Amino acid sequence: MVAKVILNKNTRATDYIYDYLIPEDMDLHIGMRVVVPFGNGNKTTEGYIVGTSENTEFENLKSIIKAVDDFIYFDESSVKMVEFIHHRYFCQYSEAIKLLLPPNVNTKFTTYYSFNQANHDINAEEISGSVLLEKIVSAISDAGKMTFEELSAITKSRSLHTALNRLTELGVITKTTVHNENIKDAEITVIKPSMDKDELYIVADKIRKRAPKQASVVETVCDYGAIHLTKLLEICDTTHGTVNTLVEKGYIFADKEVVRNDISGFDKIDLVEKPVLTAQQQVIVDKISEDISENNHSAYLLHGVTGSGKTEVYLNLIEKCISNGKNAIFLVPEISLTPQMIRQVVGRFGENVAVLHSSLTARERYDQWKKIKCNEVNVVVGARSAVFAPFENIGLIIIDEEHESSYKSEMSPKYNTIEIARYRAKQCNSTLLLASATPSVETYYLAKTGKIKLLELKNRINNAQMPETHIVDMRAELKSGNTSILSTKLQEEIAYNLRNRFKTILFLNRRGYSGFIQCRGCGYVMQCPNCNISMTYHKSIRSLVCHYCDYKTPLFNICPECGSTHIKFSSDGTQKVEDEISSIFPEAKILRMDADTTASRNAHESILAEFHKEESDILIGTQMITKGLDFEKVTLVGVLAADMSLHTDDFRSDEKTFDLITQVCGRAGRGKYGGKAIIQAYDPENETVQFSKNLDYINFYEREIEVRRLLVYPPFCEIMNFIFSSEDDLAARDGAMLFQSMLKDNLSNSGYLNHVVAYRVVPAPLQRVNGKFRYRFIMKLNYSKAVYDIIHKTAEVYRKTKNTAGLSVDVNPYNMS
């Protein structure tokens, strides 16, 4: 038998599926991790079995050395998904397969060379006269054993590989490879009785006088039936020696048990009663439940206004899914994955829930993944990566806030979570539910054209009113002499809330103290030396910070260009907003929630818990506060510089602005007190700002879809962003030009050139990041397997040319920079 193996190597040169012979004495299956020899030197390498066959087109195949373990990590259907991801997102096979595994599941191989004293004298003549061989033998002899890297540091020889192979052939040294797992199951020792309990109690009585500690251990094991070793030693106040003696006598035995670490705080979440659904919620639950019960593959969009009770719909559908003997995946954006959301799910389904997201430790993620894979739970709640949860019998996939850009990966593989969810739902014949108060234009188009089913929740729960919204013209504020970040209207509303003990949320989509620092004398703006990006001032560390490469430099008081001391802070960040509000309202207790304040573990939970307390008044934040927050006493939302994101180099800028304003306004008035939203803008007449003010998604969509249709943007095409990067500016540009020329030739020769529109090569909007220059070209097309195959082949040939510019392909990017 032949195994098809993907190597655990992150290089394009090995981005293939390799054939290896399966030794007759090995029982190997798809989804297992194996150790294989690779390359001319037969280097020990880890791989994953993705298929088996009785035939191969290759000769002189190498054999698999051994299995890493006997666990099956994925099945054949997962292999098909890996092939889809590799084809669709232009990533490596190894990158795609790691999406299926918990983090840090890989093997580290270390090769040691040790001295073989027995053969030293026999082969002494063979190595005499060679300075390199004698130096190697001397070093290993002194150290006992050494790695290749250690020997390379000593010898500094390019011929080290050849020399080591020669010494190994002569038998002067031996080569041994050991492997270590980065992470594996945590085990504990459990002590159990080896014989009938009644007999053991008799034994305890017999030995009590001469060995009271042993008698105590025997009785305790009998009482518990099975007990952790550490607990046993503590209860009996004894040592390992006492236990080992009883094991040797055959009275008890030690067993190993795998333990899964629960996520901190789960055990403190009480189960909550299921509320009665409203009539409109019940209609939606009944409709989708039919498909779940009948195993129908179906896809829905639930368009529900903020506060309409979408989460309760999700929980009822998950309950229906479980009652039908199936599993459910519930995805929320990372920024919405608040403890509040997790408590709602765990509060309904208790220990039947696993959680997957980036804030967990590697050990926590591993244990949660194993719980899912071993069928110990039926529900997974998590962020983007949870779409790959290793369930086999999926009945329902829910994607909340489906419009969120965080569902698109910015790192390879640059997958779209919604596409993966569609793929898995179709593969498992299950139901997919997308939901949002502001659906993406692409998803709503699918619903309006009948490709997916549209369901609506048009009213807030318990007939609560949508917030009363107002737009403030900040130009008029400036003319009236108000130079504050806060308009007069917003200051008055905050003061009212403080007097009446209500809470306020203020949203600004920029962290830091100031957007950039500028010299008023000559106009100089401090930019990152590694990136073509202006740096942001962070008052807490009195430094300028690049938000792309994290380069930091102290704040300057004198312009490095002209020597002027007239330094201006331009644009306001969340830190500056916090300072100004503190000075206007010194009595207010203010919290700030942005990437700086939430960098530490559990910071999100701590800030939100603090805001929930009666004495907290104002929460200032960036995009992470626009969703997932539901506080009854939040009656005021202020949107500062609402139109700031309208004029960016992105065809989605209007959509993103509308979504942000609408979503953050939806945090107000979700309880019994009603709410207001103050939207501050410098272009208040802008149509998108007006649509946001009226919470008018339908008219916004109708305008936006016509613009997309006219300019041929998604959903009327796909967009590919080809990025080329190099430390050399010319190499990056030439790489882009070369690849585009090769691609056009290949498309033309295959008759597909008229299927695409390729724009000219230009510097990327972020032309230099982390010391690398970046060029790009954009291509519009409709999906065609033939065209994708041509792009793959062109990329493979390009990477073998002498051009040093790296190539990255992003399909339907959310970030056009």
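The values are calculated or read from the model by the stated rules, or taken from the named source; none is laboratory data. Since the structure is predicted, the reported quantities are computational estimates derived from the model, not experimental observations. In this analysis, Cβ positions are derived from the backbone assuming ideal geometry, glycine residues included, and neighbour counts consider all displayed protein chains. Just so you know, the surface numbers come from the protein's heavy atoms only, side chains and all, with ligands and any DNA or RNA stripped out. Shrake-Rupley method; radii C 1.70, N 1.55, O 1.52, S 1.80 Å.
Below is a table of values for the structure above.
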| item | result |
| --- | --- |
| Residue satisfying condition, being closer than 26 Å to residue 799 by Cα, out of contact with any His (no Cβ under 8 Å at 6 or more places or on another chain) and β-branched (Val, Ile, Thr), within set 17, 22, 30, 64 | 17 |
| Residue in segment 327-357 that is modelled with the highest pLDDT, counting only those that are touching a Leu at 6+ places or on another chain (Cβ under 9 Å) and among the small types (Gly, Ala, Ser) | 328 |
| All positions within segment 593-605 that are open to solvent by less than 40 Å² (accessible area, probe 1.4 Å) and under 19 Å from the mean Cα position of the chain (by Cα) | 594, 598, 603 |
| Lone qualifier among 255, 267 - being among the acidic types (Asp, Glu), within 42 Å of the chain's Cα centre (by Cα), open to solvent by less than 80 Å² (accessible area, probe 1.4 Å) and modelled with pLDDT under 95 | 255 |
| From the options 107, 168, residue that is touching a strand residue (DSSP E or B) at 6+ places or on another chain (Cβ under 7 Å), surrounded by 15 or more Cβ atoms within 10 Å (Cβ to Cβ) and of a type in the set (S, T, N, Q) | 107 |
| Residue in segment 724-747 that is more than 30 Å from residue 529 (Cα to Cα), modelled with pLDDT of 95 or more and of a type in the set (Phe, Trp, Tyr) present | no |
| Selection count, segment 765-817, where residues are under 25 Å from the mean Cα position of the chain (by Cα), hydrophobic (A, V, I, L, M, F, W, C) and within 18 Å of residue 92 (Cα to Cα) | 3 |
| Residue that is modelled with the lowest pLDDT [pool: residues in segment 270-306 that are among the hydroxyl-bearing types (Ser, Thr, Tyr) and part of a loop (DSSP other than H, G, I, E, B)] | 306 |
| Top-ranked residue in segment 449-489 [being open to solvent by less than 80 Å² (accessible area, probe 1.4 Å) and β-branched (Val, Ile, Thr); ranked as nearest to residue 302 (Cα to Cα)] | 452 |
| The lone exception for residue 685 - which of (1) open to solvent by less than 50 Å² (accessible area, probe 1.4 Å); (2) farther than 20 Å from residue 448 by Cβ; (3) not in a helix (DSSP H, G or I) it fails | (1) |
| Residue match in segment 689-708 (condition: surrounded by fewer than 16 Cβ atoms within 10 Å (Cβ to Cβ), basic (Lys, Arg) and more than 30 Å from residue 475 (Cα to Cα)) | no |
| Cβ-Cβ under 8 Å pairs, at least 6 apart or on other chains, segment 439-453 side over 15 Å from residue 419 (Cα atoms), far side open to solvent by 20 Å² or more (accessible area, probe 1.4 Å) and small (Gly, Ala, Ser) | 453/299 |
| So residue 451, is it among the basic types (Lys, Arg) and over 27 Å from residue 636 (Cβ atoms) | yes |
| Among the residues listed as 590, 625, the single one being touching an Asp or Glu at 6+ places or on another chain (Cβ under 9 Å) and open to solvent by less than 20 Å² (accessible area, probe 1.4 Å) | 625 |
| Looking only at segment 714-725, and only at residues there that are in contact (Cβ under 8 Å) with a residue 24 or more places away in the chain and open to solvent by 10 Å² or more (accessible area, probe 1.4 Å), the one that is farthest from residue 440 (Cα to Cα) | 725 |
| Residue 389 being open to solvent by less than 30 Å² (accessible area, probe 1.4 Å) and of a type in the set (A, V, I, L, M) | yes |
| Segment 382-398, subset of a type outside the set (Ser, Thr, Tyr) and out of contact with any helix residue (DSSP H, G or I) (no Cβ under 6 Å at 6 or more places or on another chain), residue nearest to residue 97 (Cα to Cα) | 388 |
| Candidate set from segment 347-368 (those that are hydrophobic (A, V, I, L, M, F, W, C) and either surrounded by 23 or more Cβ atoms within 10 Å (Cβ to Cβ) or touching a Cys at 6+ places or on another chain (Cβ under 7 Å) (or both)); member that is farthest from residue 104 (Cα to Cα) | 353 |
| Selection within segment 392-412 - closer than 15 Å to residue 78 by Cα and open to solvent by 10 Å² or more (accessible area, probe 1.4 Å) | 392, 393 |
| Residue check for residue 96: closer than 30 Å to residue 365 by Cα, at pLDDT 90 or above, out of contact with any Leu (no Cβ under 7 Å at 6 or more places or on another chain) and small (Gly, Ala, Ser) | yes |
| Spans of strands (runs of 3 or more DSSP E) in segment 1-82 with at least 2 residues surrounded by fewer than 19 Cβ atoms within 10 Å (Cβ to Cβ), more than 28 Å from the chain's Cα centre (by Cα) and charged (D, E, K, R) | none |
| Residue match in segment 413-434 (condition: modelled with pLDDT of 95 or more, outside any loop (DSSP other than H, G, I, E, B), open to solvent by less than 10 Å² (accessible area, probe 1.4 Å) and among the basic types (Lys, Arg)) | no |
| Cβ pairs under 7 Å, 6+ apart, first in segment 195-209 and at positive phi, second outside any loop (DSSP other than H, G, I, E, B) | none |
| Long-range neighbours under 7 Å by Cβ, at least six apart or interchain, first residue open to solvent by 30 Å² or more (accessible area, probe 1.4 Å) within segment 770-782, second of a type in the set (S, T, N, Q) and not in a strand (DSSP E or B) | 770/530 |
